[in-house]
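The values are calculated or read from the model by the stated rules, or taken from the named source; none is laboratory data. Nothing here was measured: the structure is a model prediction, and the numbers come from that model. Glycine gets a Cβ as well: all are built from the backbone with ideal geometry, and neighbour counts include every protein chain shown. Ligands, DNA and RNA are excluded from the accessible area calculation, which covers all protein heavy atoms including side chains. Shrake-Rupley method; radii C 1.70, N 1.55, O 1.52, S 1.80 Å.
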Amino acid sequence: MAPETDIDKGTRIMWIKRRPGWALSESQVTDEAVYLRRREILKTLGLGGALAVAGRNALAAGPALPPGVSTALNLRYPPGRALTDEKAATTYNNYYEIATIKDVWRGAQAIPQRPWSIAVGGLCGKPKTWTIEDVLKQFPVEERIYRHRCVEAWAMTVPWSGFPLAKLIDLAEPGPDAAYVRFTTLANPKVMPGLSDPTFPWPYVEGLTLAEARHDLAFVATGMYGKPMPPQDGGPIRLVLPWKYGFKSAKAIVKIEFVKQRPMNFWQAINPDEYGFWANVNPDVPHPRWSQKTERLLGTGEIVPTRIYNGYGQFVAPLYAGVKHQALFM
Ligand SMILES: Nc1nc2c(c(=O)[nH]1)N[C@H]1C(S)=C(S)[C@@H](COP(=O)(O)O)O[C@H]1N2
Ligand SMILES: [Mo]
């Protein structure tokens, strides 16, 4: 058996070579020390055992990492679940600007992904309108496998690529009065037929406290499964907040503002008895019309228990120490 280090070296080079063309060059990939190696990635995904059985030939053959997962994977937050099948995750979507049904992926292809810009402003020292190209150039790409829990009780486990929201926020230098961050998303009636329904408070807006937005788990995703973000999943740029119900993870972001007052978010404006500002996942706080105790996994249909903060409580619970009396879980 060849020394493991050689095999690792070989496969790692191979994976770097296989980085998709839209991703950044090797030199721009974040400090490798932060990331674990291929063997550890496989272990985290629960594939380590299978690999050991398959032995050296399988290792030498290389492509044992699931499609879309590379060695830029950040494993501070192990998913603890199998990845959702890519097709299942990208053909069952919530995107009310397109339609209120789940089958919106074809319709979403009409959303132009370029040119795209994101205006960052409000109570900050360095407002700036970014083009999507500037964003991709500025922030090294990392990958994170996160569990996603929709308030409707379906869930998926997805390899996202992008960068921590905190990095963008730091560059903007929020001022002393900036308590919240408000995200506004694309509202283009030419390509979004759902906007013609005036009963919804368009555009889709979301908000976070500045502390939440600065938390390392809060992620800006520009891709999934190793590819650019598909339009139906929020391409070219969206939020991913894995400890909160999915509606907080706004798609197709065009504006980010630092504000003093708590922003009114889309779903809270529609029905404040059912959807709030915080929307942290909690199996013990039912939605007024259904239980939140379990969730259905896209792809397999398996029903599994829901966990408080979607299983990310060890990281995010301290954010809420001072606001325990508020409606944190709706
Ligand atoms: N702009 C916008 N963002 C959105 C939504 C939406 O309708 N419009 N739906 C939200 C909801 S309810 C969920 S569960 C997730 C779904 O993301 P996905 O389609 O990539 O699974 O997107 C969120 N972001
Ligand atoms: Mo959702």
Computed for segment 142-246: size of charge dipole around the Cα centre, +1 on C-beta of each Lys and Arg, -1 on C-beta of each Asp and Glu, debye to nearest 20, value 240
Just how much of Lys137 is accessible, in Å², when a 1.4 Å probe is used and the result is rounded to the nearest 10? 130
With all protein chains present and a 1.4 Å probe, how do Lys244, Lys102 order by accessible area, largest first? Lys102, Lys244
Say each of His325 and Asp177 gets a label point 7 Å from the Cα, pointing the same way as Cα to Cβ; how far apart are those two points in nm? 2.6
Kindly report, to the nearest 10 Å², the accessible surface of Glu86 as traced by a 1.4 Å probe over protein heavy atoms only. 60
Give the residue from Gln109, Ile98, Pro198 lying farthest towards the positive end of the charge dipole for segment 94-209; charges sit on Cβ (+1 for Lys and Arg, -1 for Asp and Glu) and the dipole is referred to the Cα centre. Gln109
Compute the distance from the alpha-carbon center of segment 68-112 to that of segment 157-224, in whole Å. 17
Test of understanding: what is the full-extension gain from His287 to Asp134, defined as 0.36 nm times their sequence separation minus their Cα-Cα distance? 51.0 nm
Placed amide H near Val141: partners under 5 Å, 5+ positions off or other chain: Leu24, Thr30
With every atom except the alpha carbons ignored, what do you get for Rg and Dmax of segment 194-330, in angstroms? 15.5, 43
Straight-line reach only, C-alpha to C-alpha below 18 angstrom: list the lysines that Lys260 could link to, leaving out same-chain residues fewer than 8 apart. Lys126
Run the quick spin-label model on Ala187 and Lys87: label points 7 Å from Cα toward the beta carbon, then report their separation in nm to one decimal. 3.7
Rolling a 1.4 angstrom probe over the protein chains, ignoring ligands and nucleic acids, what is the accessible area of Met264 in square angstrom, nearest 10? 110
Taking a crude spin-label model, label points 7 Å out from Cα along the C-beta direction, the Arg114 to Glu152 distance in nm is 3.2
